[in-house]
Structure formats: C-alpha cells, structure tokens
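The values are calculated or read from the model by the stated rules, or taken from the named source; none is laboratory data. Keep in mind it's a predicted model, so treat the numbers as computed, not measured. As a convention, Cβ positions derive from the backbone with ideal geometry for all residues, glycine included, and neighbour counts pool all protein chains shown. Each accessible area value is taken on the protein alone, full model and side chains, heavy atoms only, with ligands, DNA and RNA left out. Shrake-Rupley method; radii C 1.70, N 1.55, O 1.52, S 1.80 Å.
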Amino acid sequence: MGQALGCVQVKQSKVAVREQFGKFDDVLKPGCHCMPWCFGYKVAGELSLRVRQLEVRCETKTKDNVFVNVVASIQYRALPDKIPDAFYKLSNANSQIQAFVFDVIRASVPKLEVDAVFEQKSDIAKSVEEELAKAMSAYGFEIVETLIVDIEPDVHVKRAMNEINAAARQRLAAKEKAEAEKILQIKRAEGEAEAKFLAGLGIARQRQAIVDGLRDSVLVFSENVPGTTAKDVMDMVLVTQYFDTMKEIGASSKSSSVFIPHGPGAIKDVASQIREGLLQADHAKA
C-alpha cells in the first residue's frame with residue numbers, strides 16, 4: 001500500500017538501498033520516505049546495521065601432528081558510510097568471512113604445538129581479526145571482535161593429556177606425602193632419642209642412689225659390728241635381696257616366672273650344692 005502511494009518505511013537499525021531505473025541512487029535511513037515509482041524509483045533491498053555473529057569451526061593440524069578443531073566467533077557489522085559496497089560487492093558475507101578465517105587459522109596453527117595453541121589462543125584471534133579487518137573493510141564491513149571460543153583436540157589426545165596431567169598431580173602428591181612421612185619419622189626419632197636420653201639419666205641417678213645407699217650401709221654396719229669386712233656386708237645384702245625377691249615371686253598369684261641360674265658356672269654351682277647336700281645327708285645317717 002505504501003509503495004502504491006509512493007511511500008516506503010524503513011525500520012530502526014536498518015537501511016534501505018534505493019535505485020532509479022536499476023541504478024543505485026541513495027541510502028534510505030530509518031523512517032518514512034517518498035518513493036515515486038512513476039519516476040523509476042524502487043527499493044532494491046535492506047541491510048541491517050546490527051552486530052552479527054558468525055561461528056566458524058575449522059579443523060587443522062598442529063606442529064606435533066595433532067588434529068584440533070578451532071572454533072572462532074566473528075562479530076561484524078555493515079559500515080554506515082559504506083552501505084553500497086556492503087550491498088553490492090558481496091552476495092554472501094558469511095561465506096567470505098569463513099574463507100578468510102580458514103585461511104588464517106590453517107596458516108597459524110600448524111606452526112605451533114598443541115600446548116602452544118592453547119597458550120597463544122589470543123594471538124591466533126588477533127591474527128584472524130587483523131586479516132579480516134583488512135579484507136572486509138573493502139566490502140563495507142567492520143570486524144567488531146574476533147574470539148577463539150574453543151579448541152578441541154582429538155578425543156584420544158584429550159584423554160592422553162588428562163592422563164598426563166593426572167599422573168603429574170599424583171607424582172606431586174606422592175612426593176609431598178613422602179616428605180611429610182619423612183618429617184614424621186625424623187620427629188619420632190628425635191622424640192625417642194630424647195626419651196631414651198632422659199630414661200638413661202633416670203637409670204643412672206637410680207643406680208647412683210643405690211650405690212650411695214649401699215656404701216652408707218656398709219660403713220654403718222662396719223662401725224657397729226667390729227671384725228666385719230665390706231665383703232661380709234655385701235654378701236649379707238645380696239642374701240637379703242635374694243630372699244626379698246623370692247618372697248615377692250611367691251606372694252604374687254599371677255607370677256609365672258622363676259629365676260634359675262644357667263650357664264657353665266651356674267651348673268657347676270648347682271652340682272656342688274647337690275653333692276654337699278648328699279654328703280650332709282649321709283653324715284646325718286651315720
């Protein structure tokens with residue numbers, strides 16, 4: 001109806017290309033425009049000024065012969081001052097952009113190893129953007145942003161990379177665990193050494209106290225009982241300790257240990273004691 005009345009409406013964020021008798025005449029901005037069809041004017045088409053996004057998936061090979069899928073996201077728009085170029089020079093802007101992306105990625109990635117591809121993702125995106133901006137500006141398009149949104153190695157390579165990473169982390173964990181156990185063993189050994197040292201000091205003091213007590217006992221006994229020697233006193237002390245030990249063994253209901261002399265010297269003493277007992281028994285019978 002609007003064209004029949006010689007008027008045309010252009011929506012916001014769009015522009016229209018007007019031709020007269022098939023030749024470019026003007027760019028119509030958003031709003032209502034007079035279009036006298038009787039003078040050969042007509043709208044050849046419309047072009048959006050919005051930022052558009054194109055996702056390009058490119059498969060290529062790295063320097064270490066690993067196939068990867070590089071996914072690039074291209075954001076672009078038509079330049080308002082170059083609408084005729086954007087409308088007439090390209091029939092399919094998406095295909096043109098995709099071709100340039102393929103060219104740059106397949107020229108850049110084969111120079112890098114797979115790990116370097118991940119590390120230099122921003123450099124690859126910058127190279128793609130620079131090449132696209134230089135090429136597409138001649139066709140009336142502006143490259144707003146270029147992003148490398150994903151890098152997908154082959155599934156077997158990805159599994160191998162994960163296993164390498166897991167092995168490295170396990171090795172680090174084992175190293176830290178071994179270091180911790182080493183510290184525990186050192187501290188435990190230091191504690192045991194300190195405990196043994198203190199126990200040794202206690203035993204030494206105990207023995208010193210015993211020696212001092214025995215010495216005092218010998219001196220007192222020798223002074224009070226004339227004619228006794230130190231050996232006599234020590235023999236009496238040993239006999240007393242022997243009977244005390246036997247008493248403690250017999251008094252304990254749970255005791256299951258009996259001290260029996262052993263060794264060549266002890267056997268000789270036992271034999272002499274038995275022989276003396278037999279001789280004394282024979283003498284008593286007579």
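Just one of the listed residues (Phe118, Phe102) is modelled with pLDDT of 90 or more, over 30 Å from Val27 (Cα atoms) and in a helix (DSSP H, G or I), and it is Phe102. The residue of the stretch 67-106 that is farthest from Phe141 (Cα to Cα), among those that are open to solvent by 70 Å² or more (accessible area, probe 1.4 Å) and touching a strand residue (DSSP E or B) at 6+ places or on another chain (Cβ under 6 Å), is Phe67. In the stretch 67-86 there is at least one residue matching the filter, namely being in the same structural domain as Ala133 (by the TED database), in a loop (DSSP other than H, G, I, E, B), in contact (Cβ under 8 Å) with a residue 24 or more places away in the chain and more than 44 Å from the chain's Cα centre (by Cα).
Looking at the stretch 158-176, can you tell me whether even one residue there is closer than 25 Å to Glu55 by Cα and in a helix (DSSP H, G or I)? Checking the stretch 158-176: at least one residue is closer than 25 Å to Glu55 by Cα and in a helix (DSSP H, G or I).
Conditions (1) assigned by the TED database to the domain that holds Val68; (2) open to solvent by 90 Å² or more (accessible area, probe 1.4 Å); (3) closer than 30 Å to Phe67 by Cα, marked per residue:
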{"site": "Arg159", "(1), (2), (3)": "no, yes, yes"}
{"site": "Arg169", "(1), (2), (3)": "no, yes, yes"}
{"site": "Glu176", "(1), (2), (3)": "no, yes, no"}
{"site": "Arg188", "(1), (2), (3)": "no, yes, no"}
{"site": "Ala199", "(1), (2), (3)": "no, no, no"}
{"site": "Ala204", "(1), (2), (3)": "no, no, no"}
{"site": "Asp216", "(1), (2), (3)": "no, no, no"}
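Being farther than 30 Å from Lys158 by Cα, surrounded by 14 or more Cβ atoms within 10 Å (Cβ to Cβ), outside the structural domain of Ala160 (by the TED database) and not hydroxyl-bearing (Ser, Thr, Tyr) is true for just one of Phe39, Phe24. Which residue is that? Only one candidate passes the filter, namely Phe24.
Looking across Ile151, Ile124, one residue alone is closer than 18 Å to Glu55 by Cβ, open to solvent by less than 80 Å² (accessible area, probe 1.4 Å) and outside any helix (DSSP H, G or I). It is Ile151.
Identify all residues within the stretch 1-19 that are farther than 30 Å from Ile143 by Cβ, assigned to a strand (DSSP E or B) and open to solvent by less than 60 Å² (accessible area, probe 1.4 Å); write none if there are none. Quick ask: steps written out before the conclusion?
The first filter runs over the stretch 1-19 and keeps only residues farther than 30 Å from Ile143 by Cβ, leaving 1-9.
Still in the list and also assigned to a strand (DSSP E or B): 7-9.
The answer is Cys7, Val8.
Quick check on the stretch 53-62. Is at least one of its residues in contact (Cβ under 8 Å) with a residue 24 or more places away in the chain, loosely packed, with under 13 Cβ neighbours inside 10 Å and assigned to a loop (DSSP other than H, G, I, E, B)? The answer is no; no qualifying residue exists.
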